[in-house]
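Just below is one structure, and these are the notes that go with it.
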Amino acid sequence: MPLEVLLVNVNSMLNAGDAALTFETIRQLRDNFPGCHITLSSNTLELGLNDVKIVESINAWVRSPYKTGRISWNIGHLLQLPISTLFPILTYRLFGKPLYLFTPSRIRAAIQSHLDANLVINVPGGYIYTSKRGLRLVMLIYLLALVWLAGKPLYILPQSFGPLSHKWEGKMLTWVLQKARIVMVREPVSMELLQKYHFQHPRLYLFPDIAFAFRGVSPHVAKQWLREKGLDFTDDPPLIGLTIIDWRANNPNFLRQEEYELAFTSVIRYFLDKMNGRAIIFPQSIGPNISSDDRIPARRVVARLADKRGSILQIEQQIPPDLIKSLYGCMDILIGTRMHSNIFALSSGVPVIAVGYLHKTRGIFSMIGMDRWVIDIQNITQQSLLEKFVELWEERMIVKAKIEAAIPSLVEKASSAGALCAADFNCLMENKLHGR
């Protein structure tokens, strides 16, 4: 029978970074587990993938529909959660058959996918951090604990951890990670956080984000796409790419959204005036909720640059992740807030200024000696971003050479995450076969 592989905590394909991580995970699994069947337990159902099975996640069931742009918890479903999930899993472990007496039909497929799986992969990303009340993190930990309770080997692909607000969060997180076969941490800051809570694991690895290994389309296809959008390469104008987010909509405590947008506005105006270039504002994410739609803050920035509209391309449509990666590769420089827009650009050899809104950004840039080019969103000003841009523009060829020297080893290692999981799983099965 084909091997059954379950991917948990899959997020929306409306975010190009999440999509790339999912696609790259699937590619590596197919390379290392030939003929396997892959099921995605997804928080949203707009994935549109034909070669995998998709079930709605338990996480989606405990949330109210995306309406306000923020996560709204369904209290009734939260109260039902323990009996709805634990009873079928425990009866499966005891009797070899799950009983769904107390389980709503909507989440039965998600639970059954856990029980059918031969191994479970937690998709890579940066979503394991505290929320205002900690409920979001508790839910993620609970879902990983269900994998352990179901008796399935769990593999954590390169992940950022934190920030955390409370000591108990760290203890819960390290407890559940201890149940995994392999834990991959994608930057040193997260490794330090786990060490702070005395986390030790025999198969704990510092591993680059696997988006470094994600493959884009050919540069020719990307340039042709830009031409069709009206960008003229005849005079070979310098190009600046930008990704802008509404961090205020995600984090109500962030009070500098206007200053942040003004900083981008100032850099674009300077670039167009001084370099006679073109600015392209990319929608790295357009959903699944309003707070994740990059087009909204982009429109506000472009509105402040109405007199420069002919030199700005603000893209409104969703762009496939393999295309958007290669589009970033056409830029002379990128100022990116979305972390995977920065990774896409770096892996294409493009100098980047990263605006970091969580510690994952600085952590990943420090792995390649590029933390000099990170600005914290909490401290950004028009002057600081403009000064950083001028500095990078003057040094861009030196920085480009440094990137091109560092990236190949990152790509090679990022490409081996699936092989590492396969080697461990095969060893586990061999030991079980021989009663070891």
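Data table
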read-out	value
Centroid-to-centroid separation of the stretch 332-376 and the stretch 115-182 [C-alpha atoms, Å]	26
Neighbour-count order for 100, 92, 328, fewest beta carbons within 10 angstrom listed first	100, 92, 328
Computed over the stretch 60-184, Cα set: Rg, Dmax in Å	15.0, 43
Amide hydrogen neighbours beyond the local backbone of residue 376, cut-off 5 Å, H modeled	356
Per DSSP, loop chymotrypsin sites (Phe, Trp or Tyr not before Pro) in the stretch 190-244 with at most 14 further Cβ within 10 Å	233
Spin-label pair residue 27/residue 50, simplified geometry with 7 Å Cα→Cβ offset, distance in nm	1.9
(1) 60, 51, 36; (2) 62, 56, 40; (3) 72, 44, 43, with the label sought being that of the calculated Cα extents along the principal axes in Å	(3)
Relative contact order (%) - the chain, alpha-carbon pairs under 8 angstrom, separation at least six	16
Selected from 195, 393, 101, residue furthest toward positive end of dipole (the chain; charges at beta carbon)	101
Contact order normalised by residue count of the stretch 140-297, Cα under 8 Å, 6+ apart, percent	17
For the chain, size of Cβ-based charge dipole, Lys and Arg +1, Asp and Glu -1, in debye	1260
The chain: calculated mean residue ellipticity at 222 nm from DSSP helix runs of at least 4, using -39500 (n - 2.57)	-15000 deg cm²/dmol
Spatially near lysine pairs across the stretch 308-436, Cα under 24 Å, sequence gap of 8 or more or different chains	14
17 Å tail of the calculated P(r), the stretch 1-55, as % of Cα pairs	29
Extended-chain gain in nm, criterion 0.36 nm per residue less alpha-carbon gap, residue 179 and residue 429	88.3 nm
Expected-Rg normalisation [2.2 N^0.38 Å, Cα atoms] applied to the stretch 154-195	1.09
Viscosity 1.306 mPa s, 10 °C: Kirkwood-radius Stokes-Einstein D of the stretch 333-436 over Cα pairs, µm²/s	102
Loop trypsin sites (Lys or Arg not before Pro), the stretch 227-265 (other Cβ atoms within 10 Å of the site Cβ: 13 or fewer; DSSP)	229
Estimated distance in nm for a label pair at residue 99 and residue 196, the labels positioned 7 Å out from Cα along Cα-to-Cβ	4.5
About the Cα centre, charge dipole magnitude for the stretch 371-412 (Lys/Arg +1, Asp/Glu -1 at Cβ), debye	60
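Each reported figure results from applying straightforward, stated rules to the coordinates on display, with no laboratory input. Only a predicted model underlies this, so the values are computations on that prediction, with no experimental measurement involved. Note: ideal-geometry Cβ built from the backbone for every residue, glycine included; neighbour counts use all protein chains shown.
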